[in-house]
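Only one structure is covered here, and it is reproduced in the block below.
The values are calculated or read from the model by the stated rules, or taken from the named source; none is laboratory data. Source: prediction; values computed, not measured. Every residue, glycine among them, receives a Cβ derived from its backbone with ideal geometry; neighbour counts consider all protein chains shown. For accessibility, only protein heavy atoms count, side chains too; no ligands or nucleic acids. Shrake-Rupley method; radii C 1.70, N 1.55, O 1.52, S 1.80 Å.
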Amino acid sequence: MTDTLAALIGAQDANAPAIGAPGRGWLSYAGLAAQAAHVADALHRAGVGRGDRVAIVLPNGPEMATAFVTVAGVATTCPLNPAYRQDEFAFYLEDLKAKAIILTEDEAGAAHAAATAQGLAVIRLSVDTDQPAGRFTLRAETSAGTADTAAPGPDDVALILHTSGTTSRPKIVPLLQSNVAASARNVGASLALTPADRCMNVMPLFHIHGLIAAVSASLASGGSVWCAPG
């Protein structure tokens, strides 16, 4: 039984398409594996590894999808809504006790201000649109110190989200690797997904439905995900 997200995705046909987007070539499962290796190396060099919480603030699209699944193979992912105000980012980053944040190359707004005020390691993500969908490079502006470079196991936290906070202060919801893997398999089984199936994702990728029901379930089934920008 594959009880981590990385193991589920790594079991698929290397030559099959995995991630697509408007006007971009398809990223294969082999390309996704290569992207995961780059992310692991970049994060470890930045002092981020197993058990560390990494905030991800990116626009919807293929890079956000691949950032989620590849960072989850190294550390704990904490996707945040890019539309938050600075005070909202400050609250969520402090509540998460994030060690680092991944931002686009040119982000200098609310997320960056909140992250630097709290002393987080800032990791920049850059995209070459001539490359397949979901390919990117990471560059650390600052180091987070030292990292545990062991791969996360089934009992490690893969994803942290917050409740909506409609009735009280938003609460942290941690999902283990085994939780995410089981959810992806269960959604795939419920929808009878196969490697021949393709999902068009328009859900926000800081939301559980976009992350699990669209991206993770599709990739766990060996299918493909076409990531719309919104």
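Consider the stretch 137-165. How many of its residues are open to solvent by less than 60 Å² (accessible area, probe 1.4 Å) and not acidic (Asp, Glu)?
Going residue by residue through the stretch 137-165, those that are open to solvent by less than 60 Å² (accessible area, probe 1.4 Å) are 138, 140, 144-145, 147, 150, 152-154, 156-163, 165.
Now restrict to residues that are not acidic (Asp, Glu): 138, 140, 144-145, 147, 150, 152-154, 157-163, 165.
Matching residues across the stretch 137-165 total 17.
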As an exercise: evaluate THR116 against (1) within 28 Å of ALA228 (Cα to Cα); (2) surrounded by fewer than 20 Cβ atoms within 10 Å (Cβ to Cβ) and give the number of the one condition it does not meet. (1)
Could you pull out the residue among VAL54, VAL69 that is within 14 Å of the chain's Cα centre (by Cα), β-branched (Val, Ile, Thr) and assigned to a strand (DSSP E or B)? VAL54
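A quick yes/no check of all residues on (1) out of contact with any Ser or Thr (no Cβ under 8 Å at 6 or more places or on another chain); (2) under 22 Å from ALA33 (Cα atoms); (3) charged (D, E, K, R); (4) at pLDDT 95 or above:
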residue	(1), (2), (3), (4)
ASP95	yes, no, yes, yes
LEU103	yes, yes, no, yes
ALA113	yes, no, no, yes
GLY119	yes, no, no, yes
VAL122	no, no, no, yes
PHE136	no, yes, no, yes
Hey, can you tell me all the residues within the stretch 30-54 that are closer than 21 Å to THR129 by Cβ and out of contact with any Leu (no Cβ under 6 Å at 6 or more places or on another chain)? ALA30, GLY31, LEU32, ALA34, GLN35, ALA36, HIS38, VAL39
Pairs, please: C-beta under 6 Å, at least 6 apart or cross-chain, first residue farther than 16 Å from HIS209 by Cα and in the stretch 158-181, second of a type in the set (Ser, Thr, Tyr) and open to solvent by 40 Å² or more (accessible area, probe 1.4 Å)? PRO170/THR163; LYS171/THR163
The stretch 67-103, residues that are more than 19 Å from GLY47 (Cα to Cα) and among the polar types (S, T, N, Q): ASN81, GLN86
Filtering the stretch 52-92 down to residues that are hydrophobic (A, V, I, L, M, F, W, C) and over 16 Å from PRO174 (Cβ atoms) yields VAL57, LEU58, MET64, ALA65, ALA67, VAL69, VAL74, ALA83, PHE89, ALA90, PHE91
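Kindly indicate whether any position in the stretch 73-89 is part of a loop (DSSP other than H, G, I, E, B), of a type outside the set (Phe, Trp, Tyr), under 19 Å from ILE9 (Cα atoms) and open to solvent by less than 10 Å² (accessible area, probe 1.4 Å).
Taking the stretch 73-89 and keeping what is part of a loop (DSSP other than H, G, I, E, B), we get 73-75, 80-85.
Narrowing the set further to residues that are of a type outside the set (Phe, Trp, Tyr) leaves 73-75, 80-83, 85.
Narrowing further to those that are under 19 Å from ILE9 (Cα atoms): 73-75.
Narrowing further to those that are open to solvent by less than 10 Å² (accessible area, probe 1.4 Å): 74-75.
Yes, that holds for at least one residue.
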Could you count how many residues in the stretch 122-177 are of a type in the set (Lys, Arg) and over 18 Å from the mean Cα position of the chain (by Cα)? 2
Check ALA196, ALA192 and return the single one that is of a type outside the set (Asp, Glu) and at positive phi. ALA192
Considering only residues that are closer than 24 Å to THR76 by Cβ and without any contact (Cβ under 8 Å) to a residue 40 or more places away in the chain, look in the stretch 183-206 and name the one that is most open to solvent (accessible area, probe 1.4 Å). ASN186
